[in-house]
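Encoded as structure tokens, the structure appears first; notes follow it.
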């Protein structure tokens, strides 16, 4: 069934003392595009998150927001520069001796050089406990289910609108099919009337006239276009009922519908058919806008 590419879903999961909340936002995009917003996550966990999203969705720009509340496991990201601390201690010892100061060097004296004694720790791969990772993935699964549900609900509304427009096109097509033969006969009759005098005056060969009338009828005939258009309309309906994502297929079928409608309009040379052709084009344009949001 048709699914929309826009929607929102959220999920929460708790494992041991860890709680994770995941929010998913989705908008339309030709391909799948995933953006993860969270405090530092292990690379393998990010890869697992992306894999689950790609398994769940065919297309769309997905924004993933992850919040984790878990017991602190990481130490401060600073370290003591031991060599610098020893060097400053020795320097202060020499200064104490030179100044004949009896008081020993204490820790608070070294803290005066904290910028040199303390250094930022080397960056390491962030780590999460197994329960925390399970909480994140559990919340992700819940958010995926909620987002899929919303996209399917919006898709159902899209499907209804699209099929109504396809029905409208077919109604105009029926009118064109009904009008087309009469239009050809009328055009041939007008042309024959105009040429009758020339035939009577022996200025035109009657056999040649019949040939030219047949050529005119062929140029005005839209039977093939109408047959192909009706076939494309039926293909569109079938795609709307397919269980797999059909956005790309609907886009292709719509292009074919647009081509046949254009050809019918170009060959019309008739006010009634032209009017129906314009109305069909209007419906096709609305369909093209709608299917941009179909997964």
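The selection criterion, being assigned to a helix (DSSP H, G or I), farther than 30 Å from residue 246 by Cβ and either at pLDDT below 90 or not assigned by TED's automatic domain parsing to the domain that holds residue 147 (or both), holds for residue 114.
Is it true that residue 52 is closer than 16 Å to residue 146 by Cα and in a strand (DSSP E or B)? Criteria not met by residue 52. Being touching a residue at least 40 places away in the same chain (Cβ under 8 Å) and either exposed (fewer than 15 other Cβ atoms within 10 Å of the Cβ) or touching a helix residue (DSSP H, G or I) at 6+ places or on another chain (Cβ under 9 Å) (or both) is not true of residue 27. Taken together, the residues in the range 30-49 that are assigned to a helix (DSSP H, G or I) and in contact (Cβ under 8 Å) with a residue 24 or more places away in the chain amount to 4. So which residues in the range 225-270 are within 16 Å of residue 181 (Cβ to Cβ), modelled with pLDDT under 90 and in a helix (DSSP H, G or I), if there are any at all? Residue satisfying the conditions is 267 alone. Taking residue 139 as the residue in question, decide whether it is modelled with pLDDT of 95 or more, assigned by TED's automatic domain parsing to the domain that holds residue 62 and surrounded by fewer than 16 Cβ atoms within 10 Å (Cβ to Cβ). Criteria not met by residue 139. Scanning the range 232-247 for residues that are without any contact (Cβ under 8 Å) to a residue 24 or more places away in the chain and surrounded by 14 or more Cβ atoms within 10 Å (Cβ to Cβ) yields 235, 239. Every test in (1) under 30 Å from residue 291 (Cβ atoms); (2) modelled with pLDDT under 85; (3) not in a loop (DSSP other than H, G, I, E, B) is passed by residue 96 save one, and that test is (1). The set of residues in the range 248-266 being under 10 Å from residue 288 (Cβ atoms), touching a residue at least 12 places away in the same chain (Cβ under 8 Å) and either under 19 Å from the mean Cα position of the chain (by Cα) or surrounded by fewer than 17 Cβ atoms within 10 Å (Cβ to Cβ) (or both) consists of 250, 251, 254. Summed over the range 67-87, residues that are at pLDDT below 85 and outside any strand (DSSP E or B) total 9.
The values are calculated or read from the model by the stated rules, or taken from the named source; none is laboratory data. Keep in mind that this is a model prediction, so the values were computed, not measured. Positions of Cβ are generated from backbone atoms using ideal geometry, with glycine treated the same way; all protein chains shown enter the neighbour counts.
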